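Working notes, beginning with the structure itself.
All of the numbers you see were taken from the coordinates with simple rules; none came from a lab. Please read these numbers as outputs of a predicted model, since none were measured by experiment. Please note: Cβ atoms are built from the backbone with ideal geometry, for glycine as well, and neighbour counts cover all protein chains shown.
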Number of protein chains: 2
Amino acid sequence: WKSTAGRAQVIMESFVEFELEGSIASKNTFNPIRDLVDTMKLQPNPDREKIPLSIGDPTVFGNFKTAEAVNEAMIESVKAHSNNGYPHSAGYPAAREAVAEFYTTEKSPLTADDIVLASGCSGAICLVLPALANPGDNILLPKPGFSLYNTVCGSYGIESRFYNLVPEKQWEVDLEHMEACIDEKTKAILVNSPGNPCGCVYSQEHLEAIIAIAKKHKLPIIADEIYADMAFPPYKFVPMADLTDDVPIIVVGGLAKRWLVPGWRLGWVMFHDKKQPQMKKVRAAVVALSQLVLGPCSIVQGALPSILKNTPQSFYDETLSKLADHANHVKTALAAAKGLSVVVPQGAMYVMVRIHADHFPETVNDDKKFAELLFQEESVFVLPGRVFGAEGFFRIVFTAPKDKLEEACNRIISFCDRHSI
Amino acid sequence: WKSTAGRAQVIMESFVEFELEGSIASKNTFNPIRDLVDTMKLQPNPDREKIPLSIGDPTVFGNFKTAEAVNEAMIESVKAHSNNGYPHSAGYPAAREAVAEFYTTEKSPLTADDIVLASGCSGAICLVLPALANPGDNILLPKPGFSLYNTVCGSYGIESRFYNLVPEKQWEVDLEHMEACIDEKTKAILVNSPGNPCGCVYSQEHLEAIIAIAKKHKLPIIADEIYADMAFPPYKFVPMADLTDDVPIIVVGGLAKRWLVPGWRLGWVMFHDKKQPQMKKVRAAVVALSQLVLGPCSIVQGALPSILKNTPQSFYDETLSKLADHANHVKTALAAAKGLSVVVPQGAMYVMVRIHADHFPETVNDDKKFAELLFQEESVFVLPGRVFGAEGFFRIVFTAPKDKLEEACNRIISFCDRHSI
Ligand SMILES: Cc1ncc(COP(=O)(O)O)c(C=O)c1O
Ligand SMILES: Cc1ncc(COP(=O)(O)O)c(C=O)c1O
């Protein structure tokens with residue numbers, strides 16, 4: 001083993017082939033978007049600039065920027081030289097306190113103890129679902145819905161049970177179907193409003209009807225409110241926790257969307273447990289799971305109090321009115337597209353468009369084929385609804401700059417003109 | 001439901017108690033340090049300042065500071081305004097490229113494709129172990145060792161199989177025992193050098209002997225090299241990958257220790273697979289798992305190329321010589337402590353001290369009782385070895401400021417003087 005030559009010989013003699021397999025858990029960690037995109041025929045039209053309307057990342061084009069106060073908070077946090085050590089796995093107390101203060105309402109007060117920080121809202125979801133359910137249990141998830149819920153369940157052996165959202169009712173929950181999905185293995189109901197991919201914002205009445213089901217079956221609600229406060233007037237965001245005094249509400253959220261910094265990976269879990277200590281064990285479970293990865297970057301945690309206190313209201317207002325304007329443009333423009341109908345976007349940064357199969361020939365009459373051909377001919381990339389569980393629809397992320405968005409809509413219109421029958 | 005009074009009544013009538021349990025997965029996510037510390041009698045001596053020598057976080061006291069170049073890299077990354085979006089779940093290409101360049105050696109070249117970024121080295125461990133093993137499989141882990149390995153295995157139903165380290169041989173691996181632990185369900189051997197909690201640094205010969213076992217049994221090695229290059233001369237850190245051309249080596253590492261920023265949560269997986277594509281499926285498995293949480297903070301990722309290029313050698317040298325000096329002080333000072341013997345620290349930031357049970361009465365003769373009484377009488381907090389699988393030892397983290405460290409050693413000496421028989 002000492003000389004190089006001797007060593008090479010040893011290697012030659014005992015040549016071994018290592019056959020390494022990936023685990024089942026990794027195969028269960030299934031990303032439907034990746035999977036579908038990998039099998040799509042994706043060659044854009046070389047004569048047209050590509051316009052991707054596919055990724056839920058508002059920063060891609062550079063037109064949606066975070067507030068200067070947010071960047072300053074980060075720089076101060078670096079300069080403080082005191083935010084470099086391991087935070088508690090649930091997060092710095094001051095950061096948890098800041099989240100509690102920011103989201104506390106008269107009806108639903110929060111303290112630092114009700115908050116656990118996580119690596120993005122995704123990280124929060126990765127803590128909450130496996131804290132609540134065991135392998136073989138099930139959690140009710142919206143269909144269509146954000147695919148991570150199903151991915152996380154799959155990776156933990158939790159059954160995803162999908163309740164339908166109804167496009168004709170602006171993607172409200174089919175309440176009868178939701179209730180029919182519940183059995184003795186159901187551990188929670190996940191609700192996402194404002195919603196991805198639907199762009200829906202549920203009314204207080206609708207949320208109350210969902211809460212009534214949860215209450216009847218003694219199930220906690222996981223409210224994914226990552227798009228909290230991102231409702232386009234006249235639609236109004238109502239925090240679910242404000243609508244109940246007895247159903248435990250576990251809210252997940254984060255900086256990603258409203259503060260336009262998805263890459264910073266700062267999210268949170270908020271426990272609304274007005275009849276304490278109903279959720280004591282679940283909190284402990286979430287904290288136990290948080291010890292595995294130790295939470296989000298300490299510099300961002302250090303910046304969080306200042307981010308939440310010093311971001312001016314004008315920043316939120318401007319972002320929202322720009323998003324609302326984009327939403328409105330897509331809705332209005334695509335009204336002219338043959339064979340499509342737009343489900344009115346009420347919030348977040350998404351709009352779902354229905355493809356009327358009977359208006360199109362074989363070659364374009366489903367969401368996957370439609371998205372493929374649209375990309376090949378018009379270089380506009382939209383995600384087929386099937387990655388979210390909505391065949392026959394496609395999703396547009398409307399955060400591209402206005403001129404690109406207009407151009408994309410025009411191309412979709414001429415695509416439909418060309419192909420509709 | 002509309003008026004407050006009406007609503008209160010509804011609640012009264014249908015009062016429900018939600019009985020929410022935490023999941024089994026969360027109970028399996030067992031943190032032995034937390035667990036032990038929670039059951040320890042922990043009241044310090046009110047007359048003496050507390051000196052915690054328990055946490056592997058060099059930033060706690062403020063005497064070990066990261067390089068100015070590191071902070072500047074972060075500030076530039078914030079100011080760039082271009083590092084706010086979602087990175088690829090494996091990390092920004094430039095950041096992966098920077099890690100590959102930094103750790104590439106003549107014998108073990110790396111490219112960006114060989115790197116997956118993670119939320120700290122912990123995050124890297126959380127990707128690699130479940131990518132390699134299924135529930136019911138086993139992974140060989142060092143005993144004593146860093147407790148996260150066992151925690152991660154437990155949380156995924158992977159059996160932790162412990163091979164012994166031998167204190168009399170400076171915590172070298174008991175090679176016979178290691179080999180005897182292997183069976184057909186073994187999926188990998190994890191090696192940690194420089195090591196936590198042992199402060200050991202394995203020689204090239206010893207690492208080659210471990211590699212020979214892995215080769216014979218066709219097992220990949222997971223090399224936890226988070227303390228890479230933190231060996232105190234004359235001991236020398238040798239990257240395991242440089243010692244083999246055919247055994248696949250999966251290295252995990254990160255910024256936490258050498259750059260003194262554990263809270264930033266930036267780690268990495270490096271695939272050394274000289275006989276490609278032996279690890280193709282394992283890489284895919286790691287990337288699949290990385291999609292769950294989407295990797296470390298984009299600002300830190302954006303800063304990484306500059307951190308790795310611009311941190312001056314003098315920073316590494318000064319940190320290391322300070323650590324070596326502290327290690328040496330503890331070793332020399334505690335030589336005078338009755339009933340203890342120090343295992344020579346060779347690297348990292350830890351030293352293990354053996355408690356000779358026969359030198360102490362019933363009340364102090366095991367590591368837990370020793371640590372408890374030491375804290376009660378001397379306000380010095382050390383971790384009992386049992387949390388790492390080393391009963392009869394305690395671990396000292398020697399990153400406290402020199403004067404505090406000296407004071408702590410003096411108190412340990414007088415504690416032993418008082419209690420040894
Ligand atoms: C509904 C929903 N929840 C959670 C997330 C994840 O957010 P984060 O980037 O904070 O992980 C997203 C991201 O698109 C989302 O649409
Ligand atoms: C051996 C070992 N591996 C990994 C880690 C985790 O490092 P990180 O803080 O990057 O998650 C530690 C931390 O103490 C350690 O001692």
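The range A:271-290 and the range B:350-403 have Cα centres separated by 34 Å. Counting Cβ atoms of other protein chains within 10 Å of each residue's Cβ and taking the mean over peptide B:153-161 gives 2. Only one residue of B:SER420, B:PRO305, B:HIS81 has its Cα farthest out toward the positive end of the dipole of chain B, where Lys and Arg carry +1 and Asp and Glu -1 on Cβ, and that residue is B:HIS81.
May I ask you to derive the relative contact order of chain A, considering only C-alpha pairs under 8 Å and at least 6 residues apart, and to give it as an integer percent? Before the final figure, lay out the partial values.
Numbers: 816 pairs, mean separation 96.2, N = 421.
About 23 percent, as a whole number.
Distances between copies at B:VAL166, taken between label points 7 Å from Cα along the C-beta direction, are 7.4 nm in increasing order. Inter-chain Cβ neighbour count for B:73-86, averaged per residue, equals 6 (cutoff 10 Å, partner chain atoms only).
Which of the helices in chain A meet the span-like rule: DSSP H, Cα axial reach of 20 Å or more, Kyte-Doolittle mean at least -0.5? Going by DSSP H runs, the hits are A:280-293. Per residue of A:272-283, other chain Cβ atoms within 10 Å of the residue Cβ number 3 on average. By the rule of a second cysteine Cβ within less than 4.7 angstrom, chain A holds isolated cysteines at A:CYS121, A:CYS126, A:CYS153, A:CYS181, A:CYS409, A:CYS416.
Determine the relative contact order of the range A:278-421: mean sequence separation of Cα pairs under 8 Å and six or more apart, normalised by residue count, in whole percent. Display every interim value, and only then the final one.
Details: 170 pairs, mean separation 32.6, N = 144.
So the answer I get is 23 percent.
Each of A:PHE360, B:PHE398, B:PHE61, B:PHE271 was scored by other Cβ atoms within 10 Å of its Cβ. Arranged with the fewest first, they read B:PHE61, A:PHE360, B:PHE271, B:PHE398.
How would chain B be classified by its alpha-carbon gyration tensor: rounded, prolate or oblate, with rounded meaning a/c under 1.5 and the a/b versus b/c comparison settling the rest? Please list the in-between numbers first.
Working: a/c = 1.37, a/b = 1.08, b/c = 1.27.
The shape class here is rounded.
For the cross-link pairs B:LYS215/B:LYS309; B:LYS50/B:LYS331; B:LYS280/B:LYS309; A:LYS280/B:LYS257; A:LYS216/A:LYS275, which exceed 25 Å when the distance is taken from alpha carbon to alpha carbon? In this structure, B:LYS215/B:LYS309; B:LYS280/B:LYS309; A:LYS280/B:LYS257 exceed 25 Å between Cα atoms.
Out of B:ILE139, B:ILE213, B:ILE249, any idea which swings most in a Gaussian network model of chain B, alpha carbons joined below 10 Å? Comparing B:ILE139, B:ILE213, B:ILE249 in a Gaussian network model of chain B, the most mobile one is B:ILE213.
For the range A:329-391, what does the relative contact order come out to in percent, with C-alpha contacts under 8 Å and a separation of six or more?
On the way: 64 pairs, mean separation 12.0, N = 63.
It comes to 19 percent, rounded to a whole number.
Our note on the geometry: Cα centres of the range B:180-248 and the range A:91-153, 38 Å apart. Using a Gaussian network model of chain A in which every pair of alpha carbons under 10 angstrom is joined by a spring, one finds that among A:PHE393, A:PHE30, A:PHE18 the greatest mean-square fluctuation is at A:PHE18.
Each helix, a run of at least 4 DSSP H residues, gives -39500 (n - 2.57); summed and divided by the residues of chain B, these come to -12500 deg cm²/dmol at 222 nm.
Between the listed residues A:GLN204, A:ASN45, B:ASN138, the Cα displaced farthest toward the positive end of the dipole of the protein assembly as shown, a dipole computed from Cβ unit charges relative to the Cα centre, is found at A:ASN45. Computed over chain B with a Gaussian network model linking Cα atoms closer than 10 Å, the most mobile of B:GLU72, B:GLU179, B:GLU168 is B:GLU168.
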